[in-house]
């Protein structure tokens, strides 16, 4: 009987520990409903393209590395029209986006590139398959 | 002297093993120069939007899961204009893309949605920061 009690206690402890781990994982994870997903469409003055790309690359790398609220910033340009920039931007929530706008790296990007930008459209998007987002980006993150 | 020889042999073996591991990692990883990166811009007939989204979701999930050459397919719609679909598509190389077009799930998507599509533009993109791609998508993959 004592052994059975000990075994029961062991399993109760195990369930408790595993539920705590689960909770801490959930606290770290993002919530698809709160996320801001955007495609920015930016046209650059061709005289400044190289300079613009170098500043954007530095800013987006810093944002992902330094800001937990910046989930992803993926900048691209159109092959047939390299002055047409497209950026996939994913922020954890509205607060994370507001705080991103106040960072030194974003402010530096904004002020130094202002005169290089011919047009700018910020288009809010919604993901079609929110549950599969980790699987969708797994190979990219693992480089495999 | 014998001990020094043994230590040398141990380090030579260690370097050999680690270089083999490195090689196998590189064989699995993707090469940014070969990758096909695309944003598809698709306008859907509003009468079929729900049906289209359901078929697209199924097709893109299957592509990423079943095809090692499909690195990522991330479908979205514009919040203010939900019939405007945008899909970020990343294929390992041209062969992987050609083979994707021959899969049963892609063929099913293409034939069942043909009449629902009002316009379709396939825009080839280039990534601005190729080296940082794993870091850019790390939080999405880890759901953190």
How far is residue B:78 from the same spot in each other copy, in nm, shortest first, if each label point sits 7 Å from Cα toward Cβ?
1.4
What's the exposure ranking of B:129, B:124, going from fewest to most Cβ atoms within 10 Å?
B:124, B:129
Can you give the relative contact order of the range A:36-126 as a percent, counting alpha carbon pairs under 8 Å and 6+ residues apart?
48
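Give me a single rounded figure for B:70-80: the average over its residues of other chain Cβ atoms within 10 Å of their Cβ.
Values: counts 1, 7, 7, 3, 13, 5, 11, 4, 5, 6, 3.
If you average over the peptide's residues, the count of other-chain Cβ atoms is 6.
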Quick one: with label points 7 Å out along Cα→Cβ, list the inter-copy distances for residue B:33 in nm, shortest first?
4.8
Ranked from fewest to most other Cβ atoms within 10 Å of their own Cβ, B:84, B:89, A:58 fall in the order A:58, B:84, B:89
Can you figure out the FRET efficiency of residue B:50 with residue A:124, using R₀ = 25 Å and their beta-carbon distance, to the nearest 0.05?
0.80
Calculated label separations, residue A:66, copies of the chain, 7 Å along the beta-carbon direction, nm:
4.5
Can you sort B:52, A:109 so the residue with the fewest Cβ neighbours within 10 Å comes first?
A:109, B:52
What FRET efficiency would be calculated for the residue pair residue B:144, residue A:80, taking the C-beta separation as r and a Förster radius of 35 Å, to the nearest 0.05?
0.45
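Every read-out reported here was derived from the displayed coordinates using simple, explicitly stated rules and does not represent laboratory data. Keep in mind that what you see is a predicted model, and the values were worked out from it rather than measured. Don't worry about glycine lacking a Cβ; one is built from the backbone with ideal geometry, like all the others, and counts go over all protein chains shown.
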